[in-house]
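Notes follow the structure.
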């Protein structure tokens, strides 16, 4: 029985990991504004929630039939039909622990327990909300299965089972109850004061955020340009110029960061982690230009003009930047050293304003 869930598990882990990367930056921004720090448990919870969310899809719909030739599954509208099935198997001398019906019942119950726990821990809601959400989610899943994925397939390849409605909802309810002691323990701890100094970890997370922003800008720009070349301009694949790929692979990302630094004095990543510039009043445009070239702008420029095989300048730039973050007590980094600009923790008034 467990073997059939292998593909579903793999897809859930891969897609959940991708989804965690997509929502990573909003989570980072939220945590730094609310608590002033990002904990390891926050990252673990993020990945766990995303993988679990994807598993709700994969375990109920995957594997999808590759052709229309498959066995149609009849629905079960008899509540507690599983009790009768277990009794029949037991009467026929079957092993209760290895019985497929028993394992299926346990799986449906246990599978929704994390949903109740996540609603308790992440959503800060109790048993009633967990039970209602569990019922709504499983009702959506069962309806999707019973309607042959809303009419996409000729007939259902998964069963609409009213017992699943009961078992899944009960699992969410019990998951919320069992998660209550942990939630009480976490809530009883005195909240840590918001940090007032810039830490090395916060600066590093800002750098990570900047690199992710580059990726999120670069990838869509590259894909859109390639689609325009192929399907709008009608350029044959063998005649595609690498110069267009280079331009749209680097320039849009550089423009985003340039606009952020020259207008606000900080990179997009620094804004995400709640850092604000402390700038001397004189020569502000020149200082911001130096900050751009000594930071993310210099990295992009070197990366765009240097091949990976001969990427020594990029490697040196990265090493120097990391060392600069470590050796300064205020962790201003290379960009701060060349521009004379320090960074400070964003005030609560500024944090309430849009970034």
> Using the eigenvalues of the Cα gyration tensor, what equivalent ellipsoid semi-axes result for segment 71-194 when each is taken as the square root of five times the eigenvalue, whole Å, largest first?
Replying inline: 34, 20, 10
> In degrees between 0 and 90, to the nearest 10, how far off the longest principal axis of the chain does helix 40-61 point, with axes built from Cα atoms?
Replying inline: 40 degrees
> To the nearest Å, what is the center-to-center distance of segment 119-156 and segment 157-172, using C-alpha atoms only?
Replying inline: 9 Å
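When the expected Rg is taken as 2.2 N^0.38 Å, what fraction or multiple of it is the alpha-carbon Rg of segment 1-86? Each step should come with its number before you reach the end.
Working: Rg = 18.8 Å, N = 86, 2.2 N^0.38 = 12.0 Å.
For segment 1-86, the normalised Cα radius of gyration is 1.57.
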> What FRET efficiency comes out for the pair residue 81/residue 57, r = Cβ-Cβ distance, R0 = 30 Å, nearest 0.05?
Replying inline: 0.75
>> Test of understanding: in a Gaussian network model of the chain with alpha carbons linked when under 10 Å, which of 82, 109, 24 would top the mean-square fluctuation ranking?
In response: 82
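Evaluate the Kirkwood expression for the hydrodynamic radius of the chain, namely the inverse of the mean inverse distance over all pairs of different C-alpha atoms, and round to one decimal in Å.
Working: mean 1/r = 0.0407 Å⁻¹.
Kirkwood radius, the chain: 24.6 Å.
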> Taking the Cα-to-Cβ direction at residue 162 and at residue 322 and moving 7 Å from each Cα, how far apart do the two end points lie in nm?
Replying inline: 6.2 nm
> Once the Cα atoms of helix 127-146 and of the chain are each reduced to a long axis, what angle between those two axes, in degrees from 0 to 90 to the nearest 10, is obtained?
Replying inline: 70 degrees
> What is the Cα convex hull volume of segment 119-275 when expressed per residue in Å³?
Replying inline: 214 Å³
> Can you give the angle from 0 to 90° between the axis of helix 100-111 and the longest principal axis of the chain, with both taken from C-alpha atoms, to the nearest 10?
Replying inline: 40 degrees
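Quick one: order 153, 200, 80 by neighbouring beta-carbon count within 10 Å, fewest to most. Working shown, then result.
Working: 153 16, 200 13, 80 10.
With the fewest neighbours first, 153, 200, 80 line up as 80, 200, 153.
First measure r as the distance between the Cβ atoms of residue 237 and residue 139, then evaluate 1/(1 + (r/R0)^6) with R0 = 41 Å and state the FRET efficiency to the nearest 0.05. Kindly include the intermediate steps, with their values, before the conclusion.
Values: r = 47 Å, r/R0 = 1.15.
My answer for the efficiency is 0.30.
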>> If I model a spin label as a point 7 Å beyond the Cα along the Cα-Cβ vector, how far apart are those points for residue 284 and residue 10 in nm?
In response: 5.6 nm
>> Taking every pair of distinct Cα atoms and averaging 1/r, then inverting, what Kirkwood hydrodynamic radius in Å comes out for segment 200-351?
In response: 16.6 Å
> Can you give the calculated 222 nm mean residue ellipticity of the chain, where each DSSP H run of n ≥ 4 adds -39,500 (n - 2.57) and the sum is split over every residue, rounded to the nearest 500 deg cm²/dmol?
Replying inline: -21500 deg cm²/dmol
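By how many nm would the segment from residue 255 to residue 223 lengthen if fully extended, with 0.36 nm per residue of separation less the alpha-carbon distance? Please list the in-between numbers first.
On the way: separation 32, 0.36 × 32 = 11.52 nm, distance 1.76 nm.
The residue 255-residue 223 span can extend by a further 9.8 nm.
Quick note: the coordinates plus some simple rules give every number you see, no bench work behind them. Everything quoted here is computed from the prediction, not taken from an experiment. Neighbour counts are summed over all protein chains in view; Cβ atoms, including those assigned to glycine, are modelled from backbone coordinates with ideal geometry.
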